[in-house]
Amino acid sequence: MHRFKYTKLTREQVDAKLAPTAEGPECASELSDALVGKSLKIVNDNGPTLEYSFRSKNRLTLSEDGGASVEAGYGALTLKQMVFFSHLIPKTQKGYNVYVDLDTNLTTVFEVWFSGSQAPDEREVQREIYFGYVDVAGQEAPEERHHKTNRLEGTGIYWKQDTGIETLDLFPSVASSNFVELTRHADDLSFCAPSDYIMVDDNIFIYERTECEFSGIMTMYVIDLFTETQAGMRLGFNEHDELEYYMFRGTGEVVGNLTSLAPFDEHGENISLGGAPKKAKPGQEPAPPPKGQRYAYRPGRTFRNMTEEEVHQAAEKSTRTFTGDANTPQEQGGGGMGGNSLPFSDLLVGKEFTLRYDNEGPGWNYKIVDLYNLEWRTEGDTQWQKETYRAFEADEKLVFFAHIVSGSRPRACRRIALDLTNGLTTCILSQMGTEYYGNEVSYRAVFGAAEMEGINAPRYVRHEFTDELVGRGFTRSYSDSMTSMHLYTTLHSSSWTIYMGDQTLGAQWCAPAIYVKLRPGVYIFDLVEEGCNGAETCIIENEKTKRACGFGFSGGERGVGLNTIGAIARDIGGYDIKRFFGPKMRGKGA
Amino acid sequence: MTTLKPKAESVKSPKPDSGRRSFIWKTGAAMSAVLASAVAGVSKSGIDPDAGLKDRIDRLSNQIAGMEDANAIRRLHQVYESLLDRGMYEEIVDMFTDDGEVIFNGGLFSGKNGGIRRLYCERFKSGLTGKKIGPAPGFEPDPSRQLDIVEVSTDRRTATGQFPFSLQVGIPMTEDSSLVEMARLQGEGILKWWEGGVHEASYIKVGNIWKIKRLEYGVTSKADFKPGRVYARQIDIPAFSKTYPADPTGPDKLV
């Protein structure tokens, strides 16, 4: 999805594409007749009063705030005491998705619309959530309400819908979620979407996500955790600009949990991302947020893509290696990603060796001069090239070192894991630029062995890609001021989520990644923030020490930088999801 | 909170003080003391009761007016602290005179609509600086330094004040990494620490309204403390090394 080119649909195109919604959503399962013949007056706090009459199981009339009645197609599904119905209003770009709790008469209403001011694209579905109740003649309005919650923070669920579509929906944040399209997409990649979590009762919740930086499509459903079932709706335009508006049922399985580190007295009812609330002048109430406002990280839109030539010129002006310059993206120091770096290792100092990687041409000769400087050459060359380097001891006699390849075009760097006990080595070879743009890092792992005094390296055994980390979550405290959580969502991707001040998980993003096993419990994790800022994070993580060390590589207008990364980790659990990935015969799916 | 008794002044002094005279006191207690001494003075006087009484009444009127000014300064500072605590930086700027000055972290910020606006509405705002928090453990100030002191000039047009502070200071992380960008999205991405010390301020009356003429953050301690922690470590925050515009939120002058 990072690479899909989504069409900028115009308002008129959206209008035309929405015409079929007048008939209501489709559904592979039979729609419910639970509301047929009934009338509901839904009173929303801070929202419109909605008066519904349901003439059949797919036609209703609606009056908003006492206005004229309009007729629309709709669909309804039930899940335990919940009735969920969805409709759009014909000849408009808006509609309502209404969850009614028949036990309590409490309601949650999602007003949804296209072409609104809170989104950069007309195609992106927007929403405003209203909590309220069904007005029953002769009864007082209930005091309770459904409310936002952090109770799903950490939960992960596998779903199979009645459409045949399978997904993994992981909830590692109170405002975002990860999802893996197990059937819609061929690659095992995960993605993130701004999300809402609403609590109905201790086992029933409402979830909504909008794929804001991608197609803008919305998925929402009510979940019963007791029976691991769902009933929901999907609305929007897919990557082919086709309208998707359907309701679904699904069955699933809770696949695990990540431990929340939020305070025990934090229930998530009022968590709001997007900075501090607007300040009120003395004696005044703060202004309400704009309708539809939500947290949405949109890195693809704010990043300036550069050409190969532009990046090269920037690199010629400035290629920073371990300088600690605060202006480099992956800077070292207290506020960046190197505040908790390991000490530099002198294990290589004075050594000479050759690294030979499978299918990677001639070997590389190295002479390590001191703690910060080395010389290298391609085997057969006569000239040695000097480089600044840094090395960490990631595990016993397992060194991770990195250096820029000075003068290279595009600017390249090597991150080399070298096991001094067996000679095995893995190099992550990276360079600026991809087929998409110049300031996105491209990378690959090569495996090989070292030739050095005292080591008899194996001929066949190599480090290898691994799925051992899949599903697991670890905090990464780069400094006392910056902690994120890595979730290893699939064999080929990961997400990271930023902790808020009270250690609730908030803003989230995702990227393709690779995982290499060096030793039991010691892995290389490498990701590039594809489709946005193009920066690479390459670390070795050691489960025994709960420490990560490594290097960041990135480029932009300020030049190219290679810097150190260090983090302290906590293992916060994970999901049993490995079984869903890997090459397999694919069904029809979507 | 205020303290100290009024400076000892002879009630028999026939002339008002020339030049600067200070009023330093604890509100309430000071008022009682003044009234008590006035009553005593009246009852013991006998030579020229009318002249003496008039002098004393004038002096008392001046003293009471001075106390009112001192209280007005305290209220002004309370408002300042409250606005800072609530992040209402624009409103703070309006509390300064047009030619006001602030000294902060080795930099002089000059002019209400220049340096002072830059300091509060850009630097402080971006770092959410100013939230009132308790002192860092191990860095509690000497109780005698926790006193408010206000001195009002005789002509009641100017005043000085000292007020202890204990607050959170922050600067936004400057990196371009996605982690920082995402943290900014949720109102964070800020390096925060604690600072304690004494505000030293001078005030001037503009019309009938007191304004801040000069405010100096006299920092005595900086620590890596945030509320909830039971320990803190002293930290060293470098003073400004560049002025505006080289530093977009920097001072007009290094001091």
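The values are calculated or read from the model by the stated rules, or taken from the named source; none is laboratory data. Bear in mind that the values here come from a model prediction, so they are computed numbers and not experimental data. Glycine gets a Cβ as well: all are built from the backbone with ideal geometry, and neighbour counts include every protein chain shown.
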Counting just the residues of the stretch B:198-223 that are surrounded by fewer than 19 Cβ atoms within 10 Å (Cβ to Cβ) and under 14 Å from residue B:136 (Cβ atoms), which one comes out nearest to the chain's Cα centre (by Cα)? B:219
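Yes or no, residue by residue, for (1) over 20 Å from residue A:552 (Cβ atoms); (2) at pLDDT below 95:
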{"position": "A:427", "(1), (2)": "no, no"}
{"position": "A:439", "(1), (2)": "no, yes"}
{"position": "A:459", "(1), (2)": "yes, yes"}
{"position": "A:464", "(1), (2)": "yes, no"}
{"position": "A:469", "(1), (2)": "no, no"}
{"position": "A:480", "(1), (2)": "no, yes"}
Residue A:28 - would you say it is in contact with an Asp or Glu (Cβ under 7 Å, 6 or more places away or on another chain), modelled with pLDDT of 95 or more and either crowded, with 16+ Cβ neighbours inside 10 Å or within 24 Å of residue A:161 (Cβ to Cβ) (or both)? yes
Given the criterion within 10 Å of chain B (Cβ to nearest Cβ) and either among the basic types (Lys, Arg) or within 30 Å of residue B:227 (Cα to Cα) (or both), identify the matching residue among A:481, A:554. A:481
So which residues in the stretch A:197-221 are within 19 Å of residue A:79 (Cα to Cα) and not in a loop (DSSP other than H, G, I, E, B)? A:197, A:198, A:199, A:204, A:205, A:206, A:207, A:208, A:219, A:220, A:221
Only residues that are closer than 21 Å to residue A:466 by Cα, of a type in the set (Gly, Ala, Ser) and touching a residue at least 60 places away in the same chain (Cβ under 8 Å): list them for the stretch A:486-519, please. A:493, A:494, A:495, A:511
All conditions in (1) crowded, with 17+ Cβ neighbours inside 10 Å; (2) outside any strand (DSSP E or B); (3) not aromatic (Phe, Trp, Tyr) are true of residue B:134 except (1)
Which one is farthest from the chain's Cα centre (by Cα) among residues in the stretch B:158-178 that are within 14 Å of chain A (Cβ to nearest Cβ) and at pLDDT 85 or above? B:172
Being part of a strand (DSSP E or B), aliphatic (A, V, I, L, M) and within 14 Å of another protein chain (Cβ to nearest Cβ) is the filter here, so list the residues in the stretch B:179-206 that pass it. B:190, B:191
Taking residue A:532, is it within 14 Å of another protein chain (Cβ to nearest Cβ), part of a loop (DSSP other than H, G, I, E, B) and buried (at least 22 other Cβ atoms within 10 Å of the Cβ)? yes
Going by the structure shown, is residue A:128 in a strand (DSSP E or B) and closer than 23 Å to residue A:31 by Cα? no
One residue from A:398, A:371 being among the aliphatic types (A, V, I, L, M), touching a Lys or Arg at 6+ places or on another chain (Cβ under 8 Å) and within 21 Å of residue A:552 (Cβ to Cβ): A:398
Of the residues that sit in the stretch A:498-519 and are assigned to a strand (DSSP E or B) and within 18 Å of residue A:340 (Cβ to Cβ), which one is nearest to the other protein chains (Cβ to nearest Cβ)? A:498
Complete set of residues in the stretch A:411-461 that are within 14 Å of residue A:534 (Cα to Cα) and among the hydroxyl-bearing types (Ser, Thr, Tyr): A:430, A:434, A:436, A:437, A:442, A:443
Write out, first by first residue and then by second, each pair whose Cβ atoms fall under 6 Å of each other, whose residues are 6+ apart or on separate chains, and whose first residue, in the stretch B:54-83, is part of a helix (DSSP H, G or I) while the second is of a type in the set (Asp, Glu). B:83/B:91
Count, please, the residues in the stretch B:88-123 that happen to be assigned to a loop (DSSP other than H, G, I, E, B) and buried (at least 17 other Cβ atoms within 10 Å of the Cβ). 3
Within the stretch A:122-144, the residues that are surrounded by fewer than 18 Cβ atoms within 10 Å (Cβ to Cβ) and not polar (S, T, N, Q) are A:135, A:136, A:137, A:138, A:140, A:141, A:142, A:143, A:144
Can you find, within the stretch A:520-529, the residue that is farthest from the other protein chains (Cβ to nearest Cβ) among those that are closer than 16 Å to residue A:428 by Cα and without any contact (Cβ under 8 Å) to a residue 60 or more places away in the chain? A:523
I'd like to check something: does the stretch A:476-485 contain any residue that is within 30 Å of residue B:169 (Cβ to Cβ), in a loop (DSSP other than H, G, I, E, B) and among the polar types (S, T, N, Q)? yes
Output for the stretch A:439-478, where each listed residue is within 14 Å of chain B (Cβ to nearest Cβ) and either among the polar types (S, T, N, Q) or over 30 Å from residue B:191 (Cβ atoms) (or both): A:439, A:475, A:477
